[in-house]
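The values are calculated or read from the model by the stated rules, or taken from the named source; none is laboratory data. In this text the structure is predicted, and so the values were computed from the model without any measurement. In this analysis, Cβ positions are derived from the backbone assuming ideal geometry, glycine residues included, and neighbour counts consider all displayed protein chains.
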């Protein structure tokens with residue numbers, strides 16, 4: 001790789017001090033004159049008819065300004081076809097936690113008390129909760145006349161990597177969409193295979209568990225013909241468009257100001273914004289809603305549960321020849337289409353001529369499913385990599401060498417038969433093969449000693465990575481500062497990398513670069529911050545804007561120094577004739593000349609755009625070492641190695657942080673997390689007291705190893721890096737458990753009871 005001055009070297013987060021000292025401003029920190037506090041009234045039933053809503057007692061409480069039901073808001077005639085458009089329930093509630101009414105009051109305490117006084121009379125109706133029952137013929141149909149049509153749900157933006165995947169609709173049925181991928185003849189290949197592995201894998205509904213619950217403040221214009229939204233959002237432009245559509249305003253009349261995001265992981269594309277916007281427009285005052293943790297669990301969009309029936313077949317020489325899968329996805333009461341991504345990954349990690357993947361997306365009376373960091377990849381990888389490991393065991397082959405023999409390479413087909421662009425899976429496997437932990441493993445796991453046994457497992461994972469057009473503006477100031485204006489939302493430290501890009505190209509220290517995050521009125525366009533697309537897309541726009549500024553500075557200096565542009569260089573914020581430091585002129589002085597000289601050239605401003613046409617997938621290989629208490633089955637992860645193709649690490653500090661965070665979330669998928677509903681659709685794990693997350697004393701030490709396989713179209717060769725680290729965690733842990741106890745656990749999270757039973761068998 002080239003020897004850059006700033007890029008490829010670790011730099012601290014530019015907003016780290018603000019967050020550490022509490023100076024960063026979140027939605028809950030905002031207060032506007034006349035602001036009201038909003039509290040939602042959520043349905044206690046998964047399915048029920050609303051008979052009456054009695055608000056008289058609550059409305060009489062001093063400090064209560066308004067209580068709205070669905071018929072009171074400007075959204076009352078809008079089609080309900082997504083969680084975001086389901087502002088308030090009308091005749092029926094369709095999931096536990098669906099908003100039925102909203103209270104507006106002068107203080108948060110009054111709003112909370114009034115919400116407790118609202119009486120909603122329901123007639124409970126049968127709820128379709130179980131995924132298999134919902135998909136079965138004859139099940140009660142949640143949308144008997146089909147889902148109303150009007151646009152696409154906003155959360156699907158996170159899954160925009162599903163290139164050319166068309167969902168097939170059917171009805172009346174709870175199976176609302178299907179995706180079918182095929183090549184060759186999987187059934188015939190399985191029949192001819194020397195070894196066939198068949199298992200059913202289950203993963204639960206998983207919450208994103210961000211620190212900051214969903215929050216929004218809506219401020220209407222004095223005339224009530226527009227509004228400003230202050231949001232914890234991952235996609236300000238798409239959110240603006242969606243809210244404008246739902247509340248019936250022109251897009252130009254809706255301004256979205258993104259605030260500091262206290263964690264998103266795919267969940268903050270739009271949930272309560274339209275409700276708060278509609279309430280603010282109706283009451284004519286600013287309205288703020290900050291969900292409680294319990295409300296957030298009940299009414300937001302977690303990752304869907306999956307059931308994957310998977311068969312894989314191989315020849316005796318270790319050639320993978322068949323993959324056959326049937327996938328059920330629990331999408332809740334509204335659609336969330338990730339079946340295509342599951343199919344792409346299930347049929348795309350390995351070279352395989354015979355693939356049949358059938359994905360069915362199912363409605364149930366639960367909250368709409370949504371994106372969670374690499375949506376669909378953790379369950380797909382859990383299933384596939386568990387089966388691949390079993391094939392290697394059955395064939396008596398080294399699990400890594402088996403994967404290496406069959407690993408997909410650039411140009412091989414994905415599950416949808418499109419060719420993989422440049423990928424580095426093989427390089428990651430080769431790097432892991434050299435690691436001492438893998439070299440020193442025991443084939444059958446460590447023998448039990450003093451009630452403890454250990455195991456080591458590996459798994460590959462990957463993500464197609466998204467892409468979106470983006471723009472940026474770069475402006476040089478007379479004090480030498482370079483201001484970079486972007487419209488992307490920073491949820492991962494990407495702004496710190498954008499600063500390095502501008503600094504490297506222009507030739508100034510990173511401390512001289514100021515990153516300005518604009519809103520939907522002041523910032524240049526950028527796509528949502530998700531799908532590992534921000535670095536890949538926005539960095540290119542910043543680079544192009546910075547190059548334009550650099551070229552203008554050199555052209556101006558050429559006149560001032562009477563030297564050809566090719567004879568000039570920009571070093572440490574100064575332009576000089578190459579090899580002649582005495583000629584150095586600070587860029588601030590050049591800017592002053594440009595801004596004061598009659599007839600031009602005027603302010604030094606550069607505009608940059610990027611619209612890449614090819615994804616830059618990210619692949620990983622993960623290794624986990626676990627210890628198992630043979631008396632209880634308790635699994636404790638001890639060491640973890642994550643090898644990842646990052647293309648080129650613009651800022652290794654941020655990249656390593658992303659990998660470490662993704663690994664821990666993968667441990668959560670593998671060993672801890674599950675949203676559990678009873679047969680009536682009641683959530684049993686609706687707080688952090690019940691919902692088990694990895695804790696500091698239950699996570700392993702993590703070693704991250706960066707493989708730099710430059711992306712052909714990425715800025716400086718960079719790839720998106722946020723999604724891949726979570727993909728392989730559950731599978732690597734499951735394979736480590738298999739290595740330790742000799743039995744396959746097929747349900748995540750891996751519970752101690754399941755491991756204990758495997759030890760007794």
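Structure summary
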item: Extreme residue, surrounded by the fewest Cβ atoms within 10 Å (Cβ to Cβ), among residues of the range 553-573 that are at negative phi and in contact (Cβ under 8 Å) with a residue 60 or more places away in the chain; result: 571
item: Subset of the range 598-608 [more than 23 Å from residue 540 (Cα to Cα) and surrounded by 13 or more Cβ atoms within 10 Å (Cβ to Cβ)]; result: 601
item: Condition broken by residue 441, with the remaining ones in (1) at pLDDT 95 or above; (2) more than 24 Å from the chain's Cα centre (by Cα); (3) surrounded by 17 or more Cβ atoms within 10 Å (Cβ to Cβ) satisfied; result: (1)
item: Number of the condition not met by residue 669 [criteria: (1) modelled with pLDDT under 95; (2) within 24 Å of residue 740 (Cα to Cα)]; result: (1)
item: Given (1) touching a helix residue (DSSP H, G or I) at 6+ places or on another chain (Cβ under 7 Å); (2) under 30 Å from residue 224 (Cα atoms), index of the condition residue 370 fails; result: (2)
item: Total residues in the range 160-186, condition outside any loop (DSSP other than H, G, I, E, B) and either at pLDDT 50 or above or in contact with a helix residue (DSSP H, G or I) (Cβ under 6 Å, 6 or more places away or on another chain) (or both); result: 10
item: Any chance residue 594 is assigned to a strand (DSSP E or B) and within 26 Å of residue 550 (Cα to Cα); result: no
item: Flag if residue 39 is assigned to a strand (DSSP E or B) and surrounded by 15 or more Cβ atoms within 10 Å (Cβ to Cβ); result: yes
item: Meets criteria (touching a helix residue (DSSP H, G or I) at 6+ places or on another chain (Cβ under 7 Å) and under 30 Å from residue 684 (Cα atoms)) for residue 46; result: no
item: Count of residues meeting criterion [surrounded by fewer than 24 Cβ atoms within 10 Å (Cβ to Cβ) and within 21 Å of residue 428 (Cα to Cα)] in the range 626-653; result: 4
item: Some residue of the range 450-462 being closer than 30 Å to residue 700 by Cα, surrounded by fewer than 21 Cβ atoms within 10 Å (Cβ to Cβ) and either outside the structural domain of residue 400 (by TED's automatic domain parsing) or without any contact (Cβ under 8 Å) to a residue 60 or more places away in the chain (or both); result: yes
item: Among the candidates 250, 286, residue that is surrounded by fewer than 24 Cβ atoms within 10 Å (Cβ to Cβ) and closer than 17 Å to residue 75 by Cα; result: 250
item: Some residue of the range 381-389 being assigned to a loop (DSSP other than H, G, I, E, B) and in the same structural domain as residue 327 (by TED's automatic domain parsing); result: no
item: Any hit, the range 580-597, residues being in contact (Cβ under 8 Å) with a residue 40 or more places away in the chain, surrounded by fewer than 16 Cβ atoms within 10 Å (Cβ to Cβ) and in contact with a helix residue (DSSP H, G or I) (Cβ under 8 Å, 6 or more places away or on another chain); result: no
item: Verdict on residue 109 being under 29 Å from the mean Cα position of the chain (by Cα), outside any strand (DSSP E or B) and either at negative phi or not assigned by TED's automatic domain parsing to the domain that holds residue 287 (or both); result: no
item: Selection within the range 7-26 - assigned to a loop (DSSP other than H, G, I, E, B) and touching a residue at least 12 places away in the same chain (Cβ under 8 Å); result: 7, 8, 9, 10, 11, 12, 13, 14, 15, 24, 25, 26
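Yes/no per residue for (1) within 30 Å of residue 311 (Cα to Cα); (2) under 22 Å from the mean Cα position of the chain (by Cα):
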site	(1), (2)
649	no, yes
667	yes, yes
675	yes, yes
687	no, yes
700	no, no
733	yes, yes
746	yes, no
750	yes, no
754	yes, no
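Let's see how each residue does on (1) part of a loop (DSSP other than H, G, I, E, B); (2) in contact with a strand residue (DSSP E or B) (Cβ under 8 Å, 6 or more places away or on another chain); (3) closer than 30 Å to residue 384 by Cβ:
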position: 200; (1), (2), (3): no, yes, yes
position: 212; (1), (2), (3): yes, no, no
position: 223; (1), (2), (3): yes, no, no
position: 244; (1), (2), (3): no, yes, no
position: 249; (1), (2), (3): yes, yes, no
position: 270; (1), (2), (3): yes, no, no
position: 279; (1), (2), (3): no, yes, no
position: 288; (1), (2), (3): no, yes, no
